[in-house]
Every structure is written in C-alpha cells, then in structure tokens.
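Taking it in order: structure first as structure tokens, then the write-up.
The values are calculated or read from the model by the stated rules, or taken from the named source; none is laboratory data. Since the model is a prediction, treat every value here as computed from it, not as a measurement. Cβ coordinates were reconstructed from backbone atoms using ideal geometry, including for glycine residues, and neighbour counts include every protein chain displayed. Side chains are part of the model used for accessible areas, which takes the heavy atoms of the whole protein and leaves out ligands, DNA and RNA. Shrake-Rupley method; radii C 1.70, N 1.55, O 1.52, S 1.80 Å.
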Amino acid sequence: MAGARVVVVGLAVAAVLGCASCARVVEKPIVDPAIPTITVPTTTTRVPVMVDRPLPDDCELVVPADVLNERIGRDLGGSTVQIIGIPEPGVGRTAKLDCYYGVGENKGIATAPIVIGLSTYADDAAATTRVTESLDAYRGDGASVSEVEVGKQKAALVLAKDENLVVGSLGKSTFVARAKKDAVPEDQVKAVLTALAARSMTPEEG
C-alpha cells in the first residue's frame, strides 16, 4: 500500500509540473503595423501676380518705402514724393504717377536715387509704342538695352550714362524703375530693378 501511495504522489507531482510548464506559455496579442498618416493641406497660398490694374493714387500702393529699402539692402532715408501727371492725348496717355524715393529734406525730386513710374494708355498698342519709342531714344544716346523678365513679362534693362532702368508694358499700362548709378551696386542692378518693377504692377492683397 505504501508503494501505491508513492505512485499516486508521483503522478500528482508530474501533473503539477506539467501544468506549471503550461502556465509559462503566454500568447502575445497580434498588433497591426502602424500606418503613417498623410495630411493633405486644406488651404492654398496665392502668389501675387502682375496685372494691368488701374493707376494707384498713392506711392505706398506702388512700392511701399520699407519694401524698397529691403530690396536695395539699405535705408534710403528722406521721404517719398509723388507727382501725378496729366493726360497726353497726343500719345494716348490717360494717367501718370511718378514716385520719387529717398528725397532729402529741402532737396528737389531730381536728387531721388530711386524713381518708379506708372502710366496708363488708351489701349495696348499705345502703351507698347510708348515703350518702343523710349528704348529707341536711349539707344540713340548710346545706352545699352537688353531683354529681361519682369514677373512673366518681357521688359528691357537699360544701362545709361547716369542711370539704370527697367522699362516695359503690360496691357494698357507701362512701368519703369530707375536708379541712379550709385544707388544700387552694379552686380545687383538687374535683380533689384526687375523686382521693383514687378512689385509696382502687383496689387497688395489684403
């Protein structure tokens, strides 16, 4: 009988050991791999573009003085003087605005280092003709004239004796950005004047 009890105990121990071994097996939950989330922008950025717009009535609506200073890399100082021109039916001009930047105290507008001018004409042909005639006059005076891009428009870079300028037309409007020879470093003339010309024909979005 004692032997029988030993066998029973042995079987019981074996059963316990077997169950203990089973307890050590742990099933791990299946986790799906993370899927990256792609966020699609819900808003778009509008890039201002040049337009054949009505002539502004203020030079701050042409090129703000602080924007001009940023473009040329220094503060011109002085003040901005605007001159409103009169229509000239003989050449088809309907309106004109010239902005003289950096005019010193008690100084005339002729001393302005930067001048930006806009004009409107009766039609596209009159505006184009006016630009062509101006470029011909500069060539006649010995200036260098080359093609440049202002925004997406073709325009002309003029390197004259006392000034450099970018001039062109867009629809019924003409634009010109002028700089005295010492106003902008020579290697930056093209970039600065094309940027100012483009801004002069780009309405500020509110």
Quiz item: Taking the simple approach of a point 7 Å from Cα along Cα-to-Cβ for both Ala125 and Ser79, what is their distance in nm?
Solution: 4.4
Practice problem: For an R0 of 30 angstrom, estimate the FRET efficiency from the Cβ-Cβ distance between Leu55 and Ser144 and round to the nearest 0.05. | Solution: 0.50
Quiz item: For Leu159 and Lys107 in the same chain, what is the full-extension length gain: residue separation times 0.36 nm, less their Cα-Cα distance, in nm?
Solution: 16.2 nm
Quiz prompt | Entries of Lys107/Lys180; Lys107/Lys190; Lys96/Lys154; Lys107/Lys161; Lys96/Lys172 with Cα pairs more than 18 Å apart | solution = Lys107/Lys190; Lys96/Lys154; Lys107/Lys161
Practice problem: Roll a 1.4 Å probe over the protein heavy atoms and report the accessible area of Lys190 in Å², nearest 10. | Solution: 110
Quiz item: Does segment 111-206 come out rounded, prolate or oblate, given a ≥ b ≥ c as the square roots of the eigenvalues of its C-alpha gyration tensor, rounded meaning a/c under 1.5 and, failing that, prolate meaning a/b above b/c?
Solution: oblate
Self-check item: Rounded to the nearest 10 Å², the accessible area of Arg199 at probe 1.4 Å
Solution: 60
